[in-house]
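One structure is given below, encoded as structure tokens.
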Amino acid sequence: MRKRIFKNIDWGIFICAIILTAIGMIALFSATHDSGYESLQKQAIWFVICIPIVFALILIDYEAIAKAAPVFYRDKFNFINCSFIYNSSKWCK
């Protein structure tokens, strides 16, 4: 199963995203080299944190999400309606 998951990854897009991140970090490095590297450090930390998260999201079965989508849609629809009703009662005062 693991081979199938990594086989289905679009490596071209993944590598392009890595390259764009590297270009952004180089630009950030050149923009902040006089004032310290706090922004660059934050960017690098978030990059390192997000790579495992991306791979964890890849492991989620999209069919399970598709089956749960109507429930999510209903819940979000009800939440929006409830917030609209609550806010409209505040407007009428």
Could you figure out which of (1) loosely packed, with under 10 Cβ neighbours inside 10 Å; (2) modelled with pLDDT of 80 or more; (3) in a helix (DSSP H, G or I); (4) not hydrophobic (A, V, I, L, M, F, W, C) isn't true of S88? (2)
Checking C82 against (1) free of Cβ contacts under 8 Å to residues at least 12 places away in the same chain; (2) within 30 Å of W11 (Cβ to Cβ); (3) surrounded by 10 or more Cβ atoms within 10 Å (Cβ to Cβ), the condition it does not meet: (2)
Near pairs, Cβ below 8 angstrom, 6+ apart or cross-chain, from segment 42-53 (over 15 Å from L28 (Cβ atoms)) to any residue that is open to solvent by 90 Å² or more (accessible area, probe 1.4 Å): none
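Residues of segment 26-69 being of a type outside the set (A, V, I, L, M), farther than 30 Å from K7 by Cβ and open to solvent by less than 100 Å² (accessible area, probe 1.4 Å), which ones? Steps first, answer last, please.
If we filter segment 26-69 for residues that are of a type outside the set (A, V, I, L, M), which is where we start, we get 29-30, 32-39, 41-43, 46-47, 50, 52, 55, 61-63, 67.
Right, trim to farther than 30 Å from K7 by Cβ and you get 29-30, 32-39, 41-43.
If the condition is that a residue be of a type outside the set (A, V, I, L, M), farther than 30 Å from K7 by Cβ and open to solvent by less than 100 Å² (accessible area, probe 1.4 Å), then F29, S30, T32, H33, S35, G36, Y37, S39, Q43 are the ones that fit.
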Is it fair to say I23 is within 20 Å of the chain's Cα centre (by Cα) and open to solvent by less than 80 Å² (accessible area, probe 1.4 Å)? no
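The values are calculated or read from the model by the stated rules, or taken from the named source; none is laboratory data. Note that the structure is a prediction, hence the values are computed from the model and not measured. FYI the Cβ positions are ideal-geometry reconstructions off the backbone, even for glycines, and counts take in every protein chain you see. To get the accessible areas, we keep the full protein, side chains included, count just its heavy atoms, and leave off ligands, DNA and RNA. Shrake-Rupley method; radii C 1.70, N 1.55, O 1.52, S 1.80 Å.
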